[in-house]
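Following: one structure in structure tokens, then a few remarks.
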Amino acid sequence: PRAPAGMGDVPEPCPQAPLAVLSKVELRVSCKHLLDRDTLNKSDPCVLLLMQSQGQWMEVDRSEVIKSNLNPVFAKIFTVDYYFEEVQKLRFEVYDSHGQAGVGTHDDDFLGGMECTVGQIVAQKRVTKPLFLKYGKFAGKSTITIISEEISGNNGYVELAFRAKKLDDKDLFSKSDPFLEIYRIDDDRSEQLVYRTEVVKNNLSPIWEPFKVSLNSLCSCEEKRKLRCVVWDYDSRGKHDFIGEFFTTFEEMQKAMGENKVQWDCMNPKYKIKKRNYKNSGVVVLLDLKIHRVYSFLDYIMGGCQIHFTVAIDFTASNGDPRNSCSLHYINPYQPNEYLKALVAVGEICQDYDSDKKFSALGFGARIPPKYEVSHDFAINFNPDNDECEGIQGVVESYQSCLPKIQLYGPTNVAPIISKVARVAADEERTKEASQYFILLILTDGVVTDMADTREAIVRASYLPMSIIIVGVGNADFTDMQILDGDDGVLRSPKGEPVLRDIVQFVPFREFKNVSGAATSSCLPSLPSHLSPSLLSPPFPFHPRPSRPGFLPSPL
């Protein structure tokens, strides 16, 4: 996103300047009449969402696999950024999955694909198109339907935990294998699948895993909107047996907050008509409900939230000997080096939102005095009890003073610093006041060595009031760093857990270092533009206070 120029300013063109995010869009996918690729059962479809980036198709996300179903309605909701002024090409590919082998790439596994743009889906709200095989051949009568819904800026999400008791037994030789589906009933009386739980095998009193859904998905942020909840007995052939249903609203669900619980009779309408003494087909209980409101960056700033800025500098040996003029850390008396340029460019914007103008300054990858052991999170002012510096100039002075005292070493491990800032952010979250938001700026010359630990640390940090800006300094190949950014797909931990929200922005400084100051502020540091509602919207309760006169910062 762009930060607007000041009055009368005409910023110079910025290379590859990010576009302004108009909104985020949720996409729901369903298919009909899919090809049957399996001999004994029906196909087990899964949808892959790809987005075109620089002429290449990149996988953004994928749905769950639905067993033995040629007319699947996928529970997975895809979320994409919608840029009004850009043609964003999407491709949906449907595959027949083969269990643990995952989604295949062989022609026999491909059930069809469809291309469109985000703009087309947003404009039409509901798009149904035929699926095509390779070389433009129709995939029989197969069709795919995409339903779009823009997420409101003041969205939030809710965490729900359900169980059931004494459900009807639909199996002869064992007990039912129940799962729960929640549908939102729209104004036109159509139903949108909100969530499908996992299957609990052989259990008439199942406890389903807690899950999170956005308030937009659940009830369109309308508490009185009717919801339909259906309990099924799972069948591996796709012919699930209906156990019962009940209707409720989000308003009614909220009675389950705290120690309270809410329960509903799970009713089978046919049994109610046929059986004189029919009471129910079991009971569904909402064990717990937690609401997490989401606010925009401006809500936080005007409500008194303070930005706490931390800079972390790469002191690994790959930067070169600071005494050599070829080094990225070379101190030239006539002009700042690459690290100082990047630090000042980002820091000057961040300091507008930091009332005390004190910045934590850390280093990593160097041997430090007195024992000259490698450290990945040391204070560059060598004061472990107070790593803060007075303004950007204080950080610059500490950096210049630190260089002659340390020995550049390695490896390039950034997970320790992310975890260190995350611990402070976690302490802030526990206060429930959300009076501080933490920005970590990492300046590095190369690819991260501890990639697995870094991915894990970022996933953990995505639950906290924290964002990360990574600036690549020098001319190294930063291709792998794009993984952490998450722009070409959802970042996941090594165990497969996705980030709760996108908190990382990677920028190669070489693309912006020769741009004027006005343009640099609009495209380099992603702050405050980086702190857009989608990125800064935090996963913790917060009640913005009324803004104080004169407190409003410089324009976003």
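The values are calculated or read from the model by the stated rules, or taken from the named source; none is laboratory data. Since we're looking at a predicted model, the values are computed, not measured. Here Cβ is always computed from backbone atoms with ideal geometry, including for glycine, and neighbour counts include all displayed protein chains. Remember, those area values only see protein heavy atoms, side chains included, never the ligands or the DNA or RNA. Shrake-Rupley method; radii C 1.70, N 1.55, O 1.52, S 1.80 Å.
Based on the Cβ-Cβ distance from Thr145 to Gln393, what FRET efficiency comes out when R0 is 60 Å, to the nearest 0.05? All intermediate terms of the calculation are to be shown ahead of the outcome.
On the way: r = 58 Å, r/R0 = 0.96.
Calculated transfer efficiency: 0.55.
Subtracting the Cα-Cα distance of Lys274 and Gln306 from their residue separation scaled by 0.36 nm leaves 5.1 nm.
Label-to-label distance, Phe132 versus Asn324, with points set 7 angstrom from Cα along the beta-carbon direction: 5.4 nm. Computing FRET efficiency as 1/(1 + (r/R0)^6) for Arg510 and Glu251, where r is the C-beta to C-beta distance and R0 is 56 Å, gives about 0.55. With the simple model of a label 7 Å out from the Cα in the direction of the Cβ, Gln124 to Thr449 spans 5.3 nm. Ranked by the mean number of other Cβ atoms within 10 Å of their residues, highest first, the peptides 490-503, 320-333 come out as 490-503, 320-333. When the GluC sites (Glu not before Pro) in the range 427-477 are filtered for DSSP coil states and for at most 15 other beta-carbon atoms within 10 Å of their beta-carbon, the remaining sites are Glu433.
Using 0.36 nm per residue of separation minus the Cα-Cα distance, give me the extension gain between Gln263 and Lys165 in nm, one decimal.
34.3 nm
Spacing of the modelled spin labels on Glu86 and Gln54, each 7 Å from Cα toward Cβ, amounts to 1.3 nm.
Ordered by 1.4 Å accessible area with all protein chains kept, Val122, Val231 run largest first as Val122, Val231. Restricting the range 235-297 to GluC sites (Glu not before Pro) that sit in a DSSP loop and have at most 12 other Cβ atoms within 10 Å of their own Cβ leaves Glu259. Prolate is the label for the range 23-151. Its Cα gyration tensor axes, ordered a ≥ b ≥ c, give a/c of at least 1.5 and a/b above b/c. Using R₀ = 22 Å, calculate the FRET efficiency as 1/(1 + (r/R₀)^6) where r is the Cβ-Cβ separation of Asn332 and Phe382; round to 0.05. Computed FRET efficiency for Asn332 and Phe382 comes out at 0.40. Within the shell defined by Cβ-Cβ distances under 10 Å, the residues around Glu223 carry a net charge of -1, with Lys and Arg each +1 and Asp and Glu each -1. Between Gln400 and Leu40, residue separation times 0.36 nm minus the direct Cα-Cα distance comes to 122.5 nm. With a threshold of 21 Å on the Cα-Cα distance, the over-threshold entries among Lys67/Lys89; Lys166/Lys201; Lys134/Lys239; Lys175/Lys495; Lys170/Lys274; Lys24/Lys495 are Lys67/Lys89; Lys134/Lys239; Lys175/Lys495; Lys24/Lys495. Calculated on the alpha-carbon coordinates, the convex hull of the range 47-88 measures out at 98 cubic angstrom per residue. With every protein chain in place and a 1.4 angstrom probe, the accessible-area ranking of Asp233, Asp477, largest first, reads Asp477, Asp233. Of the trypsin sites (Lys or Arg not before Pro) in the range 358-418, which ones lie in a loop per DSSP and count no more than 16 other C-beta atoms within 10 Å? Passing sites in the range 358-418 are Lys371. Counted by Cβ distance under 11 Å from Ile470, the other residues give a net charge of -2, where Lys and Arg count +1 and Asp and Glu count -1. Accessible surface calculations at 1.4 Å, restricted to protein heavy atoms, place the range 23-151 at 51 Å² per residue.
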